[in-house]
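Read the structure below first, then the notes.
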Amino acid sequence: MFYEDQQDQALRFGDIVQGYVFTAPTLDEPTIDLNLLNYTINVQHPLCYVVITPCCSIGSGTISLTPLIIVNYKYFDNPYFAKDLTNINRAMSPENAVSPEVWQKFPEEMQQVRLLEGEAYALLEFFIYEGHELLQKYSSGPKQNKIETNYYMIDFRNIYRLDCKRIQSPENSPLQSKILQLTVEVRNELRDKLADYFYKRPKEDLIAIES
Amino acid sequence: MTSYRHEIDTDLMRQFDISADSTGSYSFTPRTRTFQFGKYEITVILGPNNDFIGISEIRLNRDFASHKNKITPQGFHDVDDYYRE
């Protein structure tokens with residue numbers, strides 16, 4: 001099960017919520033000279049957001065959110081993802097991380113290198129939210145190959161902070177904004193993948209550490 | 001790049017020349033082969049039966065970083081390029 005039937009009367013990590021705003025400041029060039037600082041702030045109103053603040057840290061008038069976004073239609077080219085998009089949320093074998101056609105085209109040396117990874121995450125920045133009747137259906141992809149779905153996903157790179165005085169604790173928050181709550185198991189999957197995303201180390205660091 | 005090169009031991013090489021009082025003469029040119037060992041390349045001298053005779057050179061592998069780079073697991077499957085919209 002992906003979502004709880006009975007929701008807690010509290011905001012939780014991983015909850016889908018509505019009614020907030022999403023801002024992303026854009027800067028031409030960082031500078032310490034305020035006269036040269038040239039930026040824009042875009043304010044958007046996506047339909048839904050996901051709570052990214054760990055449960056015990058929700059409060060003090062602030063929360064971390066990330067907007068729910070539509071799924072990349074290319075994921076459906078991979079049969080392993082097409083049969084259950086939430087497979088993206090869990091570690092997988094190297095062969096399942098791409099479609100069989102793509103895997104067969106890898107030279108043998110590349111296959112061997114990829115097999116060294118064993119079970120690991122793919123698409124590390126993304127986490128899939130299963131479809132639900134409360135989530136609006138949409139179509140995506142090219143005309144000749146459109147997909148219809150109400151699955152959504154989040155991109156960890158979109159996480160931002162929002163201040164709202166009504167958010168004082170998980171229980172003392174605008175609970176009317178909460179529409180769906182993850183089960184404990186799925187919340188754990190989100191936590192694990194998010195932790196792995198931030199834990200990712202570049203190869204040069206790995207080699208330096210081993211040396 | 002550091003390289004430690006031994007002059008091939010001429011006494012060692014003389015072992016492969018049979019002395020003049022033999023009924024025939026036999027000699028062979030030792031073969032060398034280079035092996036990867038961690039970040040080093042080691043050139044060994046091999047006898048006629050691929051037996052180990054000695055080491056002729058040890059040097060740092062200048063391609064070590066790119067070789068290690070290729071085989072060090074990253075901890076995730078790098079597949080984003082195959083899903084570009």
- Message: Any residue at all in region A:25-47 that's at pLDDT 90 or above, touching a His at 6+ places or on another chain (Cβ under 8 Å) and open to solvent by less than 60 Å² (accessible area, probe 1.4 Å)?
- Response: no
- Residue ranges of strands (runs of 3 or more DSSP E) in chain B with at least 2 members under 16 Å from the mean Cα position of the chain (by Cα) and at pLDDT below 60: B:3-5
- Task: Please work out which one of (1) open to solvent by 30 Å² or more (accessible area, probe 1.4 Å); (2) at pLDDT 95 or above is the condition A:Arg201 fails and give its number.
- Result: (2)
- Message: Of the residues A:Ser60, A:Ser64, only one is within 30 Å of A:Leu135 (Cα to Cα) and open to solvent by less than 50 Å² (accessible area, probe 1.4 Å); which?
- Response: A:Ser64
- Message: Return the residues of region A:115-125 that are touching a His at 6+ places or on another chain (Cβ under 9 Å) and assigned to a loop (DSSP other than H, G, I, E, B); say none if nothing qualifies.
- Response: A:Glu117, A:Leu123, A:Leu124
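Residues are listed down the side, and each one gets a yes or a no for (1) within 14 Å of chain B (Cβ to nearest Cβ); (2) within 14 Å of the chain's Cα centre (by Cα); (3) among the acidic types (Asp, Glu):
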{"position": "A:Ala122", "(1), (2), (3)": "yes, yes, no"}
{"position": "A:Tyr138", "(1), (2), (3)": "no, no, no"}
{"position": "A:Lys146", "(1), (2), (3)": "yes, no, no"}
{"position": "A:Tyr160", "(1), (2), (3)": "no, yes, no"}
{"position": "A:Val186", "(1), (2), (3)": "no, yes, no"}
{"position": "A:Leu190", "(1), (2), (3)": "no, yes, no"}
{"position": "A:Pro202", "(1), (2), (3)": "yes, no, no"}
{"position": "A:Leu206", "(1), (2), (3)": "yes, no, no"}
- Task: Considering (1) closer than 26 Å to A:Val184 by Cβ; (2) modelled with pLDDT of 90 or more, say which one A:Cys55 fails and leave the rest.
- Result: (2)
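The values are calculated or read from the model by the stated rules, or taken from the named source; none is laboratory data. Since the structure is predicted, the reported quantities are computational estimates derived from the model, not experimental observations. Cβ: placed from backbone, ideal geometry, glycine included. Neighbour counts: every protein chain shown. SASA here: full protein model, heavy atoms, side chains in, ligands and nucleic acids out. Shrake-Rupley method; radii C 1.70, N 1.55, O 1.52, S 1.80 Å.
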